[in-house]
Amino acid sequence: MSSSEVFSEQAVIETAEQIRNATKRYEQLFVDLQSQISLDIKDLDSPVQIMSVCRKWTDDALIFFSNNFPLHRKTDCEKGCSHCCFLPVTCPPQVIADIAIYLKNTLSHQELTQLQQLLQKYVLKQESSQHRLKCPFLNQHDLCSIYEYRPLACRSFTSPDQQLCLASVRDGNTVTQDPVQHRIFMAATSALVNLCKQNGLPYQQVKFIPSLANVLE
Ligand code: SF4
């Protein structure tokens, strides 16, 4: 059989067409996810409600993709591994506002003052440091102390190998991300940015700790 005979076989051509259609449908899932989040948050003012909707959609999307596309990349992430908490984090403004409200509602006046001092210390150190610094929300057990409210960027991070993350703390290199998880959280991030634009508000993503320090002042 010649190559032209093999590749012109009707079944092969039909399979190629099916793959193209399935790929288009797959890509559309991420577009639909962003559209649906945008629709659900468009009339909300409260950052608490807005972020709650984003968390629900991204959590559901992660479960959906894990269940239905099980071939997507395995990660080496586990509880207590915190090398990624040395990476710089940026977020849409609503993320900062939501975390600030959570902290003000749950911390005593004294705890809030101590946290403000800790964040300010981090900001000053970061301005003069050549190295990546440990996030001030990482507790003495190397666990995130605001885990349920952590930024979307923290939620989206995945690693194929903990050693790469450890090395990245020292050498500043990036770690390749799971594309599915990254795209799910980008859908939510884009929906938040677009909401700010529609409402005529500043929409640029901001540095997590410096911005939170400002808001808590
Ligand atoms: S907020 Fe939590 S998850 Fe994000 S970098 Fe800080 S400690 Fe890590």
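The values are calculated or read from the model by the stated rules, or taken from the named source; none is laboratory data. Since the structure is predicted, the reported quantities are computational estimates derived from the model, not experimental observations. Ideal geometry is used to build each Cβ from the backbone, glycine not excepted, and the neighbour counts take in all protein chains shown.
Condition check ((1) touching a residue at least 60 places away in the same chain (Cβ under 8 Å); (2) away from the ligand (no atom under 16 Å from the Cβ); (3) within 22 Å of N214 (Cβ to Cβ)) across all residues:
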residue: Q28; (1), (2), (3): no, yes, no
residue: A61; (1), (2), (3): yes, yes, no
residue: D98; (1), (2), (3): no, no, yes
residue: H109; (1), (2), (3): no, yes, yes
residue: L115; (1), (2), (3): yes, no, yes
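Considering segment 123-156 alone, what residues qualify as being assigned to a helix (DSSP H, G or I), hydroxyl-bearing (S, T, Y) and near the ligand (Cβ under 8 Å from one of its atoms)? Steps first, please.
Filtering segment 123-156 down to residues assigned to a helix (DSSP H, G or I) leaves 123-128, 147-149, 152-156.
Now narrow it down to the ones that are hydroxyl-bearing (S, T, Y): 128, 147, 149, 156.
Result: Y147, single match.
Considering only segment 115-163, state which residues are of a type in the set (F, W, Y) and either closer than 13 Å to F86 by Cα or more than 16 Å from the chain's Cα centre (by Cα) (or both). Talk me through it step by step, then tell me what you get.
Going residue by residue through segment 115-163, those that are of a type in the set (F, W, Y) are 122, 137, 147, 149, 157.
Y122, F137, F157, listed by residue number.
Before we move on, is S168 more than 18 Å from R55 (Cα to Cα), in contact (Cβ under 8 Å) with a residue 24 or more places away in the chain, crowded, with 20+ Cβ neighbours inside 10 Å and not aromatic (F, W, Y)?
no
Each row is one residue, and each column tells you yes or no for (1) at pLDDT 90 or above; (2) outside any helix (DSSP H, G or I).
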| residue | (1), (2) |
| --- | --- |
| E5 | no, no |
| A16 | yes, no |
| K24 | yes, no |
| L33 | yes, no |
| Q36 | yes, no |
| D43 | yes, yes |
| F65 | yes, no |
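All but one of (1) hydroxyl-bearing (S, T, Y); (2) loosely packed, with under 13 Cβ neighbours inside 10 Å; (3) outside any helix (DSSP H, G or I) hold for T113; state the number of the condition that does not hold.
Here T113 clears every test but (3).
Report yes if some residue within segment 162-169 is near the ligand (Cβ under 10 Å from one of its atoms), closer than 22 Å to Q205 by Cβ and touching a Phe, Trp or Tyr at 6+ places or on another chain (Cβ under 9 Å); otherwise report no.
Pass one, segment 162-169, residues near the ligand (Cβ under 10 Å from one of its atoms): none.
Looking for residues that are near the ligand (Cβ under 10 Å from one of its atoms), closer than 22 Å to Q205 by Cβ and touching a Phe, Trp or Tyr at 6+ places or on another chain (Cβ under 9 Å), one finds none in segment 162-169, hence no.
Residue pairs, Cβ under 9 Å, 6 or more apart or interchain, first in segment 191-215 and touching a residue at least 12 places away in the same chain (Cβ under 8 Å), second assigned to a helix (DSSP H, G or I) and among the basic types (K, R). List them.
Y203/K197
Looking at A188 and the list (1) within 16 Å of the ligand (Cβ to nearest atom); (2) part of a loop (DSSP other than H, G, I, E, B); (3) under 26 Å from N67 (Cβ atoms), which single condition is not satisfied?
Evaluating A188 over (1) within 16 Å of the ligand (Cβ to nearest atom); (2) part of a loop (DSSP other than H, G, I, E, B); (3) under 26 Å from N67 (Cβ atoms) leaves (2) as the failure.
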